[in-house]
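Visitor: My questions all concern the structure below.
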Amino acid sequence: MPKIEEEVEHALELQEPKKYKVILHNDDYTSMDFVVEILVRIFHKNHDEAELIMLHIHERGKAVCGLYSYEIAQTKAHQVKQLAKQNGFPLLATIEEDI
């Protein structure tokens, strides 16, 4: 059989992966100190930044704590839920697509 070579042009379009916001929500039970601890331990914020985000959550009801790939955002929200449950707090972390 003869060998036939054919050139094919493919236009490859590379896109950045979608990013997701991890959002912490205010509640009447979770202590401010615990929220700061979560922000430092899970989201790797320094203490001053963690306090500012915590105050934002307290005053406005919620705040974005970080922007991640879907899998990492899910993991971080799950870690918040686990630590909150272990410490007796109902702290809610949600994720939403960054538009």
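The values are calculated or read from the model by the stated rules, or taken from the named source; none is laboratory data. Quick caveat: nothing in here was measured; it's all calculated off a predicted structure. All Cβ positions, even for glycine, are placed from backbone atoms using ideal geometry, and neighbour counts span all protein chains on display.
For every residue, the table says whether it meets (1) hydroxyl-bearing (Ser, Thr, Tyr); (2) in a strand (DSSP E or B); (3) surrounded by 14 or more Cβ atoms within 10 Å (Cβ to Cβ); (4) at pLDDT below 95.
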site: PHE43; (1), (2), (3), (4): no, no, yes, no
site: LEU55; (1), (2), (3), (4): no, no, yes, no
site: GLY66; (1), (2), (3), (4): no, yes, yes, no
site: GLN79; (1), (2), (3), (4): no, no, yes, no
site: LYS85; (1), (2), (3), (4): no, no, no, no
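Visitor: A further question follows. Return the total of residues in region 21-30 being touching a Phe, Trp or Tyr at 6+ places or on another chain (Cβ under 7 Å) and assigned to a loop (DSSP other than H, G, I, E, B). Step through it out loud before you land on a result.
Guide: Kept after step one, since they are touching a Phe, Trp or Tyr at 6+ places or on another chain (Cβ under 7 Å), are these residues of region 21-30: 22, 29-30.
When the remaining residues are screened for being assigned to a loop (DSSP other than H, G, I, E, B), the result is 29-30.
The total comes to 2.
Visitor: Any idea how many residues of region 29-77 are β-branched (Val, Ile, Thr) and closer than 21 Å to GLU97 by Cα?
Guide: The initial filter retains those residues of region 29-77 that are β-branched (Val, Ile, Thr), namely 30, 35-36, 38, 40, 42, 53, 57, 64, 72, 75.
Subsequent filtering for residues that are closer than 21 Å to GLU97 by Cα retains 42, 53, 57, 64, 72, 75.
Adding up the residues that qualify gives 6.
Visitor: Could you list all residues from region 87-99 that are modelled with pLDDT of 95 or more, surrounded by fewer than 12 Cβ atoms within 10 Å (Cβ to Cβ) and of a type outside the set (D, E, K, R)?
Guide: Within region 87-99, GLY88 is the sole residue that qualifies.
Every residue, every condition in (1) of a type outside the set (Gly, Ala, Ser); (2) over 24 Å from GLU16 (Cβ atoms); (3) in contact (Cβ under 8 Å) with a residue 60 or more places away in the chain, yes or no:
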residue: VAL40; (1), (2), (3): yes, yes, no
residue: HIS47; (1), (2), (3): yes, yes, no
residue: HIS56; (1), (2), (3): yes, yes, no
residue: GLY66; (1), (2), (3): no, no, no
residue: TYR70; (1), (2), (3): yes, no, no
residue: LYS76; (1), (2), (3): yes, no, no
residue: ALA84; (1), (2), (3): no, yes, no
residue: GLY88; (1), (2), (3): no, yes, no
residue: LEU91; (1), (2), (3): yes, yes, yes
